[in-house]
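Shown next, in structure tokens, is the structure this report addresses.
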Amino acid sequence: MHKSILIPSITSLYSAWNWSLSIIDAQDWVKDIFTKPRTTRYPMKLLRYWFMYNLILEERIRLGRPLRICEIGVDRGQMLRFTHDAGIADIACWVAVDCRLQPELLESGYTRQIEANVDLPGFFLDEEYDVIIVLHLLEHLFEPEQLVQRLSAVLEPGGVIISGFPVTPKWLASYWQKKIRLTASKFGHVSVFSPQRVKNMANSSGLCLDFISGAFLLRKSGSFLENYKVWLRFNLLFGALFPALGGEIYWRMRKT
């Protein structure tokens with residue numbers, strides 16, 4: 001069994017201050033479809049793509065070659081477009097998987113598109129990847145650990161699964177999950193995650209959790225505060241120090 005880190009981690013503290021926020025300036029397309037009306041320069045909702053981009057970039061640098069990427073739950077292709085607009089263009093392949101492929105994806109640049117329900121027992125991927133992205137997906141599944149276990153089997157040695165979702169302290173998570181399942185709509189949130197559950201999910205899948213960080217103390221979407229990088233930095237620092245209280249949590253699990 002691989003030993004996973006628990007929080008706060010030196011890696012996440014370092015990253016909160018050293019990953020560039022300037023790449024958000026180049027994200028006009030994502031801002032236009034994701035933050036309406038677009039009134040601020042650094043909308044905190046874009047941090048979900050910012051975290052994934054930086055984790056992808058670290059793998060690109062580590063391996064020194066174009067990556068094989070699979071993204072599950074692609075919506076309208078925001079993650080791929082964010083990455084391209086931020087400057088990563090040499091991707092070996094980027095496969096899209098979604099239960100319903102949107103018309104916008106036809107000209108999005110994915111090398112392959114697969115329409116599939118990943119919550120079904122028969123779901124599988126027929127290729128191996130350096131990076132698998134499941135951004136804001138697992139909270140919609142009743143058995144997210146089962147999917148992570150299946151995905152770990154198709155990672156290249158040293159490959160990673162990266163993700164993020166809302167976070168809840170461990171002492172509250174079980175109660176909150178039971179509560180939201182009583183009123184969850186179709187495709188709504190049905191699973192609740194604490195940092196400890198993320199760690200356990202990595203261990204049960206034979207993966208090493210080597211990055212975990214919360215994202216914010218307070219998200220005031222559309223506020224004038226979102227025009228200032230220092231506001232994002234403050235929230236990122238809080239999330240790194242107190243991930244269970246960080247609003248959302250982002251992580252990387254590695255196949256060692």
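Miscellaneous remarks
- Summed over segment 83-128, the residues that are more than 27 Å from Arg254 (Cβ to Cβ) and not in a loop (DSSP other than H, G, I, E, B) give a count of 6.
- Test: Val74 is among the β-branched types (Val, Ile, Thr), without any contact (Cβ under 8 Å) to a residue 60 or more places away in the chain and either closer than 20 Å to Ser191 by Cβ or buried (at least 22 other Cβ atoms within 10 Å of the Cβ) (or both): yes
- Among the residues of segment 88-134, those that are within 19 Å of the chain's Cα centre (by Cα) and among the aromatic types (Phe, Trp, Tyr) comprise Trp94, Tyr110, Tyr129.
- Enumeration of residues in segment 170-199 that are over 13 Å from Arg252 (Cα atoms), within 19 Å of the chain's Cα centre (by Cα) and surrounded by fewer than 23 Cβ atoms within 10 Å (Cβ to Cβ): Phe187, Gly188, His189, Val190, Ser191, Val192, Ser194, Gln196, Arg197
- Here Arg233 passes the criteria (1) under 30 Å from Val154 (Cα atoms); (2) of a type in the set (D, E, K, R); (3) surrounded by fewer than 16 Cβ atoms within 10 Å (Cβ to Cβ) except the one numbered (1).
- Positions within segment 32-60 being in a helix (DSSP H, G or I) and at pLDDT below 90, in sequence order: Asp32, Ile33, Phe34
- Flag if Ile69 is of a type outside the set (Asp, Glu) and either in contact with a Leu (Cβ under 6 Å, 6 or more places away or on another chain) or under 17 Å from Trp251 (Cα atoms) (or both): yes
- Boolean, Ile162 is farther than 21 Å from Arg252 by Cβ, β-branched (Val, Ile, Thr) and either surrounded by 14 or more Cβ atoms within 10 Å (Cβ to Cβ) or free of Cβ contacts under 8 Å to residues at least 12 places away in the same chain (or both): no
- Inside segment 236-256, residues that are buried (at least 23 other Cβ atoms within 10 Å of the Cβ), part of a helix (DSSP H, G or I) and either among the small types (Gly, Ala, Ser) or at pLDDT 95 or above (or both) make up a count of 2.
- Residue that is surrounded by the most Cβ atoms within 10 Å (Cβ to Cβ) [pool: residues in segment 101-124 that are within 21 Å of Gln27 (Cβ to Cβ) and among the small types (Gly, Ala, Ser)]: Ser108
- Residue among Leu151, Leu147, Leu138 that alone is of a type in the set (A, V, I, L, M, F, W, C) and surrounded by fewer than 22 Cβ atoms within 10 Å (Cβ to Cβ): Leu147
- Residue count for segment 194-209 satisfying the condition of being touching a helix residue (DSSP H, G or I) at 6+ places or on another chain (Cβ under 7 Å) and either without any contact (Cβ under 8 Å) to a residue 60 or more places away in the chain or closer than 16 Å to Ile162 by Cβ (or both): 9.
- Selection from segment 63-80 of residues that are modelled with pLDDT of 95 or more and in a helix (DSSP H, G or I): Leu63, Met79, Leu80
- Residues (crowded, with 17+ Cβ neighbours inside 10 Å, within 22 Å of Ala116 (Cβ to Cβ) and either modelled with pLDDT under 90 or of a type outside the set (Asp, Glu) (or both)) located in segment 84-100: Ile91, Trp94, Val95, Ala96, Val97
The values are calculated or read from the model by the stated rules, or taken from the named source; none is laboratory data. If you're wondering where the values come from, they're calculated on a predicted model, not measured in any experiment. Glycine also receives a Cβ, built like all others from the backbone with ideal geometry; neighbour counts cover every protein chain displayed.
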